[in-house]
Amino acid sequence: MNTQLSFLIPEFSLNSTELTESDDAIFELKGTFEEILLLGANVPIAAKLISPIDNQPQFCLELVHLHATRDHVVLMDPSLLQITPDEEIALRTSVTETLEHFLGSVGQFYPHRWIYPAGEFATLLTHTPSLASGLNIDIWMPKDTHTLGLAKQWRRLQNEIQMIWHDHPVNEARLARGELTINSIWLHGIGSVTDISQHPVLKDVHHLFSDHILASSLDARITPLSLQNLIPTNNQHHFVFAQDLKPTQWDEYWNTSLHAFQQKTLDVIHLYRYHQGELQHHVVYPKELKPGFFQNLFNKNTSKKQFPSWVEYAKKIYWNKYSESSCN
């Protein structure tokens, strides 16, 4: 056994040549890389949240704010809304007739989202708010994959709810308080319990760190990102979803990890990234902290520094396609 620390690294840390590569495959993803690792390619969030007794597909209707700019509409991060139970009930009551017309009367309701049996919408290609937030919604709206006309039917439901909520008292009150209105719904997370398939990279991990809005609802091992609790002990393995960290934040995590190498409290660091549709892996070993090793690796005098910055190290990384054997 080894004391191990793994990171899904931030996207900004890719080399500039890699950032310019066109990869339209991202538009076929149903969720973020974090969500795919936790739940599988179908990202069946609805089924994960309610664990239905049968194997019928479910979906989420997220209560959201769509922000209109001069030439497009942007999905805002749902975590910004801080919806209260009373607000959810009032908004839902106002659209009950519409919901029952399109979806029936069987649903489970929570302040930030509603979960319904997917029914005929089960074949739509959808994207989670985590993937689409902050972006132009045009390319992220639900799309037909088998039955033509379902996406159009979904837009009718969405449009009717938007009209009802436009001047709803809940939103008038939120505007008066300077808060974002709840002006639309977002369809995502379609799938059944059997679609849940966690990636093997997380199999032997003792603790997960993530700031995902659903956190421990996706995996009981998850707690918020924390530098204080970053370094595992006693042959444990921590996995950090660091993909959304800003450069200065990532530098702190990187330097803290290498310091643990120096203190001999950490045996190995695993780095992961998604690139061109595949999970890639790189291992950092303690020997790379030796000054002589750095002199050869970076071709510079390292007498005044104990380990390389992330910017320096990232230029020398050789990535391999992930396999379970490569992590053992």
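Give me the net charge of Leu175's neighbourhood, meaning all other residues with Cβ under 15 Å from the Cβ of Leu175; Lys, Arg count +1, Asp, Glu -1.
Summing Lys/Arg as +1 and Asp/Glu as -1 gives -2.
Describe numerically, in nm with one decimal, the distance between label points set 7 Å from Cα along Cα→Cβ at Val311 and at Asn234.
Each label point is offset 7 Å from its Cα along the Cβ direction, giving 4.1 nm.
Under a Cβ-only charge scheme (Lys and Arg +1, Asp and Glu -1), can you give me the dipole magnitude of the chain about the Cα centre, in debye to the nearest 20?
The calculation lands at about 1240 debye.
Given a 1.4 angstrom probe, I'd like the percentage of the accessible area of the range 162-227 that is carbon and sulfur, rounded to a whole number.
It is 56 percent, rounded to a whole number.
Evaluate E = 1/(1 + (r/R0)^6) for Glu100 and Lys203, where r is the Cβ-Cβ distance and R0 equals 35 Å; express this FRET efficiency to the nearest 0.05.
Given R0 = 35 Å and the Cβ-Cβ separation, E is 0.25.
Quick check on the range 125-263: what are the equivalent-ellipsoid semi-axes from the Cα gyration tensor, as sqrt(5λ), descending, whole Å?
38, 22, 13
Just how far, in whole angstrom, is the range 38-64 from the range 205-249 if you go by their alpha carbon centroids?
Value for the Cα centre distance between the two parts: 22 Å.
What's the ranking of 203-216, 88-101 by average number of surrounding C-beta atoms within 10 Å, highest first?
203-216, 88-101
For the modelled label position 7 Å from the Cα of Gln162 along Cα-to-Cβ, which residues of the range 70-113 have backbone nitrogen atoms closer than 12 Å?
72-75
Using 26 Å as the Cα-Cα cut-off, could you pick out the over-long pairs in Lys203/Lys316; Lys152/Lys246; Lys30/Lys152; Lys246/Lys316; Lys203/Lys315?
Going by Cα-Cα distance, Lys203/Lys316; Lys152/Lys246; Lys203/Lys315 fall outside the 26 Å limit.
Would you mind checking the tilt of helix 85-94 against the longest principal axis of the Cα atoms of the chain, expressed as 0 to 90 degrees and rounded to 10?
40 degrees
Distances longer than 34 Å among the Cα atoms of the chain: what percent of all pairs is that?
That tail contains 33 percent of the Cα-Cα pairs.
Lys and Arg at +1, Asp and Glu at -1: add these up for the other residues within a Cβ distance under 14 Å of Thr98 and post the number.
0
Given a Förster distance of 25 Å, report the FRET efficiency between Asp251 and Asn320 from their Cβ-Cβ distance, rounded to the nearest 0.05.
Approximately 0.55, to the nearest 0.05.
Going by average Cβ density within 10 Å per residue, which order do the peptides 240-248, 316-324 take, highest to lowest?
So the peptides 240-248, 316-324, ranked by packing, come out 240-248, 316-324.
Any chance you could run the full-extension gain for His67 through Ala176? It's 0.36 nm times the residue separation minus the Cα-Cα distance, nm to one decimal.
Answer, rounded to one decimal: 37.5 nm.
Of the options Ile139, Ala314, Leu187, report the single residue whose Cα projects farthest towards the positive end of the charge dipole of the chain (beta-carbon charges: Lys, Arg +1; Asp, Glu -1).
The Cα lying farthest towards the positive end belongs to Ala314.
Set the Förster radius R0 to 22 Å, insert the Cβ-Cβ distance between Asp211 and Ile26 as r into 1/(1 + (r/R0)^6), and round the FRET efficiency to 0.05.
Once rounded, the FRET efficiency stands at 0.55.
The values are calculated or read from the model by the stated rules, or taken from the named source; none is laboratory data. The structure displayed is predicted, hence computed values, not measured ones. Positions of Cβ are generated from backbone atoms using ideal geometry, with glycine treated the same way; all protein chains shown enter the neighbour counts. Heads up: the accessible areas ignore ligands, DNA and RNA and are worked out on the full protein's heavy atoms, side chains in. Shrake-Rupley method; radii C 1.70, N 1.55, O 1.52, S 1.80 Å.
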